[in-house]
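Everything on this sheet refers to the single structure shown next.
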Amino acid sequence: MKKILTSIAVVLALLVTVDANAQFGIIGGFTSSKTSVDKDLSGYAKSTSLYHAGIAYRADMGLIAIQPSLTYQMKGGALEGGLSAVTGTLQTQTGFLELGIGLQVVPLNLGVVKAYGFAEPFIGYGITNVEAMGTDIKGLISGDKAIKDWANTEKNKLEYGFGLGIGVMALDFLQISAQWFTNLGGLYGDNDKIDGSAISDAAKVAFKNGNYQGIKFSLGIFF
């Protein structure tokens, strides 16, 4: 985590000092993520289809570009079967306010179209949580106060990790990118507090040693 924070600080310092063509933009798109589950469970992990949206700043320096972004990023995972305490699909979702620093290398510049590869360390803070059963109970039970309180207490709110991806910048204003990402660290804390709910207990047992990872596709419009 210290390396990620150091990298972000260095990049932000460069943005302040560098003379570059800069653009502000809005970004958003589709996120597909999942988390690993306890190897002793007979169920299997499933991906969840979620979303992200936010703002970005792009400093173009020719062969390289730097793109910080601040997004609301939904990440989640699901476990199908494998739990004796509950039936159906157990889901976990977290909404993060996430700061990412995209470091882009632009090997192909055709003027109207620029193709690039990038690495993006990120750090975020969880501001929303959902713990739910999906198939046997109609609708999400995120309204259950005990479960919401447990999720907000037990989940690690601070997240950090990195992503790798490719993208295209067209006409200097339209950006399309694809990224693989992974969160580092654990999804839940190390204490053993539970609220007595079978779903809460099962969620922690299933997902404690995993964290979110997946892919996301983004569309950006820059001005």
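Regarding ILE141, is this residue open to solvent by less than 60 Å² (accessible area, probe 1.4 Å) and modelled with pLDDT under 65? Even if it seems obvious, please write down each step before you answer.
Numbers: open to solvent by less than 60 Å² (accessible area, probe 1.4 Å): yes; modelled with pLDDT under 65: yes.
Yes; evaluated as a whole, the condition is true for this residue.
For the subset of segment 179-193 comprising residues that are surrounded by 14 or more Cβ atoms within 10 Å (Cβ to Cβ) and out of contact with any Lys or Arg (no Cβ under 7 Å at 6 or more places or on another chain), which member is modelled with the highest pLDDT? Write out each step before concluding.
Taking segment 179-193 and keeping what is surrounded by 14 or more Cβ atoms within 10 Å (Cβ to Cβ), we get 179, 181, 183, 186-189.
Now drop any that are not out of contact with any Lys or Arg (no Cβ under 7 Å at 6 or more places or on another chain), which leaves 183, 189.
Details: ASN183: 94, GLY189: 70.
Selected residue: ASN183.
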| task | Report, by residue number, each residue of segment 39-72 that is closer than 29 Å to VAL130 by Cβ, among the charged types (D, E, K, R) and surrounded by 15 or more Cβ atoms within 10 Å (Cβ to Cβ). | result | LYS46
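The values are calculated or read from the model by the stated rules, or taken from the named source; none is laboratory data. Given the structure is predicted, the values throughout are model-derived calculations rather than measurements. Don't worry about glycine lacking a Cβ; one is built from the backbone with ideal geometry, like all the others, and counts go over all protein chains shown. Surface areas here come from the heavy atoms of the whole protein model, side chains and all, with no ligands, DNA or RNA. Shrake-Rupley method; radii C 1.70, N 1.55, O 1.52, S 1.80 Å.
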